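Trainee: Mind looking over this structure? Questions follow.
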Amino acid sequence: MRALRVIGLHEDGTSIVCEDPERGEKFLLPADERLRAAARGDITRLGQIQIELESQMRPREIQARIRAGETVAHLAASAGIPEARVERYAYPVLLERSRTAELAQDAHPVREDGPDVRTLDEVVAYAFGVRGQDYSTAAWDAWRGEGGKWIIDLRWQTGRSDNSAHWSFSPGAHGGTVTALDDNAADLHEPEIRRSPRTLRPVVEEQEAPQATLDPSWEPEPEPEPSEATVIEAPLPAPDENAEPEAPAEEAPAAQRRKTKKTHPAVPAWEDVLLGVRSQRG
């Protein structure tokens, strides 16, 4: 690498004229931001300028995307720059996210009747214990959502399933408050509540009753009209107030009540009929 010496400022006022002392060749060097940072010995500024030139992204934009929840690896891949250069600006933002997640664990979950007396960390630890899950394997994170609100993220694994729960964090006195943003976060607030399973019933196909075949020429017989019978009520004779009461009939003597012997007419004998003589028979 050959060393050059500065001769002076070019007539355009934006470039530096340099010369090779051995060969006498002259070179024109643009007096841009990198040259000024190098002249001041500002290494940080030189790295920042390099990222801006390579990715067309300003450091402030990189930090904003990291603060919004993007990872260093994803941002570096999407911008086409090395991860080491992204980490230089992402590192302070990642510390901010980690600190916010720790503060949110000391906040109080908001319920229907007000904030819980327990902290979010205590509520989640109790829920994991009720479910028989290992709370130490869960990971906390935080990022800024839309509107500048901090979003708290909890991730854990159950078997082969990856689970996550999210809260909205509002810093304040006594640790602040957190509000559940999804069903998983709400379920962690009430681990005792079990959703009753639905009862499954077999589907039984209804058999249709056989329909009788009707003769198209058949007509139903008319129903007879109900006959109206006329009932004539005969008036009862009015009792005679001047009539004397009838005396009860006297009973007949016992001798008269006996049945008399029936008498039959005398039948003439055969010889009497023949001779014309009436015989005397008792």
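Just so you know, all these numbers are worked out from the coordinates, no wet-lab data involved. A quick note: this is a predicted structure, and the numbers were derived from the prediction, not measured. Because the Cβ atoms are built from the backbone with ideal geometry, glycine has one as well, and the counts that use them run over all protein chains shown.
Trainee: How large is ³J(HN,Hα) for each residue in the stretch 62-72, as worked out from phi by the Karplus curve 6.51 cos²θ - 1.76 cosθ + 1.60 (θ = phi - 60°), to whole Hz, x for Gly and Pro?
Mentor: So the Karplus estimates, Gly and Pro as x, are 4, 5, 5, 6, 5, 5, 7, x, 6, 8, 5 Hz.
Trainee: Need one word for the stretch 106-189: rounded, prolate or oblate. Basis is the Cα gyration tensor (sqrt eigenvalues a ≥ b ≥ c); a/c below 1.5 gives rounded, then a/b vs b/c decides.
Mentor: oblate
Trainee: Can I ask one more? Which cross-chain or sequence-distant (5 or more) residues have an amide H under 5 Å from the amide H of ARG111, H modelled 1.01 Å from N in plane?
Mentor: The answer is ASP116.
Trainee: Taking other Cβ within 10 Å of each residue's Cβ, how do TRP167, TRP140 sort, fewest first?
Mentor: So the ranking, lowest neighbour count to highest, is TRP140, TRP167.
Trainee: Still on this structure, I have one more. For the stretch 29-40, what does the Karplus curve 6.51 cos²θ - 1.76 cosθ + 1.60, with θ = phi - 60°, yield as ³J(HN,Hα) per residue in whole Hz, taken in order and with x for Gly and Pro?
Mentor: Per-residue couplings from phi come out as 10, x, 8, 8, 5, 5, 5, 5, 5, 5, 5, 7 Hz.
Trainee: Can you give me the long-range amide H partners of CYS18? Hydrogens built in the peptide plane at 1.01 Å from N, cutoff under 5 Å, separation of 5 or more residues or another chain.
Mentor: Residues meeting the criterion, in which the H sits 1.01 Å from N, are ILE7, PHE27, LEU28, LEU29.
Trainee: Shifting gears a bit: When GLU61, GLU102 are ordered from fewest to most other Cβ atoms inside 10 Å of their Cβ, what list results?
Mentor: GLU102, GLU61
Trainee: I need the phi-derived Karplus couplings for the stretch 98-114: 6.51 cos²θ - 1.76 cosθ + 1.60, θ = phi - 60°, integer Hz, Gly and Pro marked x.
Mentor: 5, 5, 5, 5, 5, 5, 5, 5, 8, 7, 10, x, 8, 10, 5, 9, x
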